[in-house]
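Every read-out reported here was derived from the displayed coordinates using simple, explicitly stated rules and does not represent laboratory data. What you see is a predicted model; the values in this text were computed from it and never measured. Quick reminder, even Gly has a Cβ in these numbers, built from the backbone with ideal geometry, and neighbours come from all protein chains shown.
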Amino acid sequence: MIPDYVFFTCDNILLAWSVYAVLLSGNLSFAQAAFMSIGCYAAGILTTQYGFPFYASIPPAMALSAIIAILFGFPALRIRGIYLILVTVGITFIVRVALENMTITGGVHGLFGMSGADQWDAVGAVILVGALLYMVSRSPLQRLLDVVREDDQVAAGLGVNLTYVKLVSFAAGAAIAALAGALYGHYLTFVRPSNFDILVSIFCALYVILGGINNMWGPAFGAAFMTLLPEFIRALQGWRPTVFGVAIIVLLLVRPDGVLPFRTLSARWGRRG
């Protein structure tokens, strides 16, 4: 049981960071389930049908997810607000329907035979992605992203290429989600398109909102909290979903900006300078 807790906590942290990467440029994505499924199926097909080693299958899966994100994102990121959210929801449904109707993915019957991932792979992935996000948070790139997120018109006036910045952010989030998907599939050994429905994307966004959107630690906390809390209250049995929902609502009411709402260090320096 403990390896399962470790794995799914780490995998959900990766998914939370995939949303956070998109939020860095001021956009909210509900397409993370789609990019997760692309990473899962791409890596799974490479290992089960083409004989790739598990680790070798991950970079192509991440690259494919990032490329698809760019193809969808180039027209989509030109709109804002609720309209962009609806487009990302649509991406999730488009990808799921595509997976259900493709022979190579196993259709609605799913893809099986994957193996090779364990909890330590997920821990290593969290350390790697966390280190990259931390380096970004301490770099001038963080301040550039802050300007784009807070007021993209000001950023455009300063000569920032908004489309490029938002596309890179969107693709980075897709790549992280694909990494989480590749680990997920090779840990469970069997997946179906129904494993990647819109609820997965909603939970990914909730991880970030609950933990806080202004730094990388908030999404990680939100993911760990929402993953482990249902297990800690397992003794409540039938009341578990109710208690879980009440706990989330109370936290959002008490801490509307997230449990860890502070800004990253480099952003604070940028404002002081």
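Once both labels are positioned 7 Å from their Cα atoms along Cα-to-Cβ, the gap between ASN161 and LEU253 label points is 4.8 nm. Counting every other Cβ atom within 10 Å of each residue's Cβ, TRP217, TRP120 order from fewest to most as TRP120, TRP217. Net length available on complete extension from ILE79 to PHE93 is 3.1 nm, with 0.36 nm assigned per residue and the Cα-Cα distance removed. Under the definition of Cα pairs under 8 Å and six or more residues apart, what whole-number percent is the relative contact order of the range 1-140? Taking the mean separation of contacting Cα pairs over the length of the range 1-140, I get 35 percent. Centroid-to-centroid, using Cα positions, the range 1-79 and the range 107-180 are 10 Å apart. If R0 equals 30 Å, the separation of the Cβ atoms of TRP120 and ASP151 corresponds to a calculated FRET efficiency of about 0.10. Cβ crowding within 10 Å, taken as a proxy for footprinting-reagent exposure, orders VAL89, VAL19 from fewest neighbours to most as VAL89, VAL19. Near LEU183: Cβ cut-off under 11 Å, other residues only, Lys/Arg at +1 and Asp/Glu at -1. The net charge is -3.
For the chain, the relative contact order works out to 34 percent when only alpha carbon pairs closer than 8 Å and six or more residues apart are counted. In the chain, one over the average inverse separation of all distinct C-alpha pairs is 19.0 Å, which is the Kirkwood hydrodynamic radius.
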